[in-house]
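The values are calculated or read from the model by the stated rules, or taken from the named source; none is laboratory data. All of these numbers come straight from a predicted model, not from anything done at the bench. Glycine also receives a Cβ, built like all others from the backbone with ideal geometry; neighbour counts cover every protein chain displayed. Protein only, heavy atoms only, side chains kept; ligands, DNA and RNA dropped before computing areas. Shrake-Rupley method; radii C 1.70, N 1.55, O 1.52, S 1.80 Å.
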Amino acid sequence: MTSAPERQRDPDRTKAEILEVAQQDFARHGYAGARVDEIAARMRTTKRMIYYYFGSKERLYIAVLEKAYAEVREMERAIEVEHLAPVEAIRTLAELTFDHHDLHRDFIKLVTIENIHRAEYIRKSHALANLGTPVLDLIEAILDAGTARGDFVTEADAIDVHMLISSLCFFRVANQHTFGALFGRDLTAPEHRARLRTMVGDTVVAYLWGSGA
């Protein structure tokens, strides 16, 4: 049995554990459906303890969003493609984004939920407003190098390329259930993974090559 003094001695660990459980609940039930008392029960703690650290359900949800997006930014900063030729660099970036979305499906659910709320809670977060998007700088550098070498024909915008990569990787996870019900194919099934991962890279490269232009 975990004692209150133990949690008080390690507040950072307690907050991290609360955020982990809260992320699962918000991803599963949405903002409106998630219950702080249920999160507390899973933590074997009290609502009072959660409110002590986060103040309110809204602030807990915003903290979950901040955690999820911070993890994405950390992944973006960790990507090393500077040693690759532009075509392989953008393909690698697309495939690593595919891997991240595949492994962090709660993040996809949270983004979907926040879009339902028209980014209401993201807009309330100063941390997210100042977090930046390292991947845009990375894409810009790859595009500049590819254009200079003559590898890329399309006059591409970094945000557009980021959207293209994200949309292909995001759809597979976010729409797996409706797509499966309509077409009888589970896009997240293991037998489709390698093919779809390659397709994402091929699509982005084809766009930048100006295929069909």
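So how tilted is helix 105-116 from the main axis of the chain? Cα-based, degrees 0 to 90, rounded to 10.
90 degrees
Can you give the local net charge around VAL200? Use residues other than it whose beta-carbon is closer than 12 angstrom to its beta-carbon, Lys and Arg +1, Asp and Glu -1. It would help to have the intermediate numbers written out before the result.
Values: positive: ARG91, ARG172, ARG193, ARG195, ARG197; negative: GLU95, ASP99, ASP102, ASP202.
Once all neighbours under 12 Å are counted, the net charge is +1.
Using R₀ = 35 Å, calculate the FRET efficiency as 1/(1 + (r/R₀)^6) where r is the Cβ-Cβ separation of ALA206 and HIS117; round to 0.05. Could the numbers behind the result be given before it?
Values: r = 35 Å, r/R0 = 0.99.
Efficiency computed from Cβ-Cβ geometry: 0.50.
Given axes a ≥ b ≥ c from the Cα gyration tensor, I'd like to know whether the range 86-150 is rounded (a/c under 1.5), prolate (a/b larger than b/c) or oblate.
It is oblate, given that a/c is not under 1.5 and a/b is not larger than b/c.
Taking the Cα atoms only, what angle lies between the long axis of helix 57-78 and the longest principal axis of the chain, rounded to 10 degrees?
40 degrees
The range 64-213: D in µm²/s via Stokes-Einstein (Kirkwood Rh, Cα pairs, 37 °C, 0.692 mPa s)?
Details: Rh = 16.4 Å.
It diffuses with D of about 200 µm²/s by this estimate.
From the residues TRP209, ILE79, ALA119, which one has its Cα farthest along the dipole of the chain in the positive direction, the dipole being from +1 and -1 charges on Cβ of Lys/Arg and Asp/Glu about the Cα centre?
ALA119
Once fully extended, how much extra length lies between THR46 and ASP10, figured as 0.36 nm per residue of separation less the alpha-carbon to alpha-carbon distance?
Numbers: separation 36, 0.36 × 36 = 12.96 nm, distance 1.65 nm.
Extra length from THR46 to ASP10 when fully extended: 11.3 nm.
Where does the chain land at 222 nm, in deg cm²/dmol rounded to the nearest 500, when only DSSP H runs of n ≥ 4 count, each adding -39500 (n - 2.57), divided by all residues? Kindly include the intermediate steps, with their values, before the conclusion.
Details: 12 runs with 162 residues, N = 213.
The helix-only estimate for the chain comes to -24500 deg cm²/dmol at 222 nm.
Kindly express, to the nearest 10 degrees and within the range 0 to 90, the angle between helix 86-103's C-alpha long axis and the longest C-alpha principal axis of the chain.
30 degrees
Give the lysines whose C-alpha is closer than 22 Å to that of LYS109, dropping any in the same chain fewer than 8 places away, or say none.
LYS15, LYS57, LYS67, LYS124
If you count only protein heavy atoms with a 1.4 Å probe, what accessible area per residue comes out for the chain, rounded to a whole Å²?
Working: 12150 Å² over 213 residues.
Heavy-atom SASA per residue in the chain reads 57 Å².
Probe radius 1.4 Å, ligands and nucleic acids left out: which of ILE159, ILE79 has the largest accessible area, and how do the rest follow? Numbers along the way, then the final one.
Numbers: ILE159 105, ILE79 15 Å².
The residues order as ILE159, ILE79, largest area first.
Work out, step by step, the length gained on full extension between ARG193 and ALA85: first 0.36 nm times the residue separation, then minus their alpha carbon distance; give nm to one decimal. The partial results should precede the final answer.
Numbers: separation 108, 0.36 × 108 = 38.88 nm, distance 2.49 nm.
Result for the pair: 36.4 nm of gain on full extension.
Ignoring ligands, DNA and RNA, please state the percent of accessible area on the chain from carbon and sulfur, probe 1.4 Å.
On the way: 6450 of 12150 Å².
The computed percentage sits at 53.
Most fluctuating residue of TYR51, TYR61, TYR69 in a GNM of the chain with Cα springs under 10 Å: which is it?
TYR51
Once phi is turned into θ = phi - 60°, what whole-Hz ³J(HN,Hα) does the Karplus curve with 6.51, -1.76 and 1.60 give for every residue of the range 35-41, x standing for Gly and Pro?
10, 5, 5, 6, 4, 5, 5
Dipole size in debye (nearest 20) for the range 105-213 around its Cα centre, Lys and Arg Cβ +1, Asp and Glu Cβ -1?
Charge dipole, the range 105-213, about its Cα centre: 520 debye, nearest 20.
Could you state how much accessible area LYS47 has, in square angstrom rounded to the nearest 10, with a 1.4 Å probe and all protein chains kept in place?
We get 90 Å² for LYS47.
Could you work out the Rg to Rh ratio of the range 43-119, with Rh taken as the Kirkwood radius (inverse of the mean 1/r over all Cα pairs)?
On the way: Rg = 17.0 Å, Rh = 14.9 Å.
We get a ratio of 1.14 for the range 43-119.
Add +1 for every Lys or Arg and -1 for every Asp or Glu among the other residues with Cβ under 11 Å from the Cβ of GLU120, and state the total. Numbers along the way, then the final one.
Working: positive: ARG118, ARG123, LYS124; negative: GLU58, GLU114.
Charge balance in the 11 Å sphere: +1.
Could you work out how far apart the two model spin labels at MET163 and ALA181 are, taking each label as a point 7 Å from the Cα in the direction of the beta carbon, and quote it in nm?
So the label points at MET163 and ALA181 sit 2.8 nm apart.
Could you give the nm distance between label points at GLU58 and ALA32, where each point is 7 Å from its Cα heading toward the beta carbon?
Label at GLU58, label at ALA32, 1.6 nm between them.
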